[in-house]
Amino acid sequence: MKYTQKTDLTALERATEREASMGVGKFFRLLRLRLLTQGIKATVLWVANVFNRKLIDWPIRSQCQVTPQLFVGPQFKQRGWRQLQAWGISGVINLRREFDDRSLDVDIPHYLHLPITDDDSPTLEDLQQGVVFIKNEIENGGKAYIHCGAGVGRAPTMAAAYLISQGDTPAQAIERIRAVRSFIRPTRGQREQLQRYHALVNR
């Protein structure tokens, strides 16, 4: 079946929610959706990201580093955390409701856990709290890593909020992150929340 109508794409997108925890059937639904909406190159990079975080556990800097001090990506385990530490990551924002990084027994100098259900939107208070954390980290010479499960929805939304606080429009912020992580896919609700945050910081 070809998904040529907007309503068909919306139905397919709803069928592929909760990306961070997927089975085989969901993987192929997401694969189809991404091919239709993001093209071959971004889809190939997304597939590589899925297998990397699940099997290799090794962050790819070119897919994480948005600015010299701002990084966005997925959940890593202990091996991945060691590499993040080698990059000089000093502050971490974890947006996963389903997992607390402190259970990995890794040394995180500064840590903020804002538990958000997969595919849900951070509240405006969450966004502001995260932005303040990132600003403090960067202003003190540190580097901030923002992650959710897959690094395609919640984490890019938080990173975009920080970029908005620095003067970007929501569209500019998303495109800056997409230039690094071409396979990000913030939900409609997350994109709408960024519009609200932009209005809040510019009123």
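Separation between the Arg188 and Phe51 pseudo-spin-labels, each 7 Å from Cα along Cα→Cβ, expressed in nm?
Computed distance between label sites Arg188 and Phe51 equals 3.4 nm.
How would the chain be classified by its alpha-carbon gyration tensor: rounded, prolate or oblate, with rounded meaning a/c under 1.5 and the a/b versus b/c comparison settling the rest?
On the way: a/c = 1.77, a/b = 1.24, b/c = 1.43.
Here the chain falls in the oblate category.
Multiply the residue gap between Ala171 and Lys135 by 0.36 nm, knock off their C-alpha separation, and tell me the result in nm, one decimal place. Let's see the in-between values first.
Values: separation 36, 0.36 × 36 = 12.96 nm, distance 2.06 nm.
Using 0.36 nm per residue and subtracting the Cα-Cα distance, I get 10.9 nm.
In the chain, what percentage of the DSSP-assigned beta bridges are antiparallel, given to the nearest 5? If you can, show how the numbers build up before the last one.
Values: 2 of 15 bridges.
Of the beta bridges lying entirely in the chain, close to 15 percent run antiparallel.
I'd like the FRET efficiency for Thr37 and Ala179, computed as 1/(1 + (r/R0)^6) with the beta carbon distance as r and R0 of 22 Å, rounded to 0.05. Don't skip to the end; give the middle numbers.
Values: r = 17 Å, r/R0 = 0.79.
Working from the Cβ atoms, E equals 0.80.
Rule-based calculations on the coordinates, nothing more; no lab input. In this text the structure is predicted, and so the values were computed from the model without any measurement. With ideal geometry, Cβ positions are generated from the backbone for all residues, glycine too; neighbour counts draw on all protein chains shown.
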